[in-house]
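Notes for the one structure printed next.
The values are calculated or read from the model by the stated rules, or taken from the named source; none is laboratory data. Keep in mind the model is a prediction, meaning the values are calculated, not measured. Don't worry about glycine lacking a Cβ; one is built from the backbone with ideal geometry, like all the others, and counts go over all protein chains shown.
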Amino acid sequence: MPILYLAFGDEGVANAVLYYVPNGLAIYTIGVYLASGERELRQGIKAVFSTPLIYAAVLGLVLNLTDVTVPRVVMRSLDLMGQASVPLMLLVLGLNVGRFRFSQLGLTVAGAVIRVGGGFALGLLAVWLLGLTGVPRAVVIFEAAMPGAVAVAVLCSRYNTEAELCSSIVLLTTLLAVGVIPVLLYYLT
């Protein structure tokens, strides 16, 4: 978000939020279903509905649509928990990367290239299909080519599904972002 704000201002951040909502829903529904590794549809759906974020999203939507004001003490508590979430996710990522096996180096590199390069290609396809131009186009392409989400590594760790590999891909894509972000911003601005 800070990079998008610096590059595209308030309009860029507003468009990024519109990008994050469906992305977050996909991670915590389809992503949870896939990460749970359940072969039966019923068990996979049960895993999805055992995720608190689904209920929080529905509650937030209901409160927003009904114009209910949440008490300050509740909002402060939620703010505090929200601030703790990123360091906790990074801790899980660090623990998983610490168990990285060099035998998976080729798979990690391939996954990182697919994540960043494939994301960029899918971003280009999405803006073409949707006919996006200007800042919305730039935000979609930029976000699509960003590093793998730490949330995905946390889900893989939670369900014991290739957590080390996923965390290694997140780490490598984050390191690649040091070079990718300036090139993307040059291309998009």
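Restricting attention to the stretch 1-34, the residues that are under 15 Å from G134 (Cα atoms), small (G, A, S) and surrounded by 14 or more Cβ atoms within 10 Å (Cβ to Cβ) total 4.
The condition (being of a type in the set (K, R) and closer than 22 Å to G37 by Cα) is satisfied by just one residue among R137, R158: R158.
Out of G12, G31, one residue alone is farther than 28 Å from T161 by Cβ and in a helix (DSSP H, G or I). It is G12. V140: surrounded by 11 or more Cβ atoms within 10 Å (Cβ to Cβ), in contact with a Phe, Trp or Tyr (Cβ under 7 Å, 6 or more places away or on another chain) and in a helix (DSSP H, G or I), yes or no? Yes, satisfied. Going through (1) basic (K, R); (2) closer than 28 Å to G44 by Cα; (3) at pLDDT 90 or above one by one, R158 falls short only on (3). Can you pull out every residue in the stretch 156-189 that is in contact with a Cys (Cβ under 8 Å, 6 or more places away or on another chain) and surrounded by 21 or more Cβ atoms within 10 Å (Cβ to Cβ)? C156, A163, C166, S167 - these are the residues of the stretch 156-189 that are in contact with a Cys (Cβ under 8 Å, 6 or more places away or on another chain) and surrounded by 21 or more Cβ atoms within 10 Å (Cβ to Cβ). Does L107 satisfy the condition of being touching a residue at least 40 places away in the same chain (Cβ under 8 Å) and either within 26 Å of T161 (Cα to Cα) or surrounded by 14 or more Cβ atoms within 10 Å (Cβ to Cβ) (or both)? So L107 passes the test.
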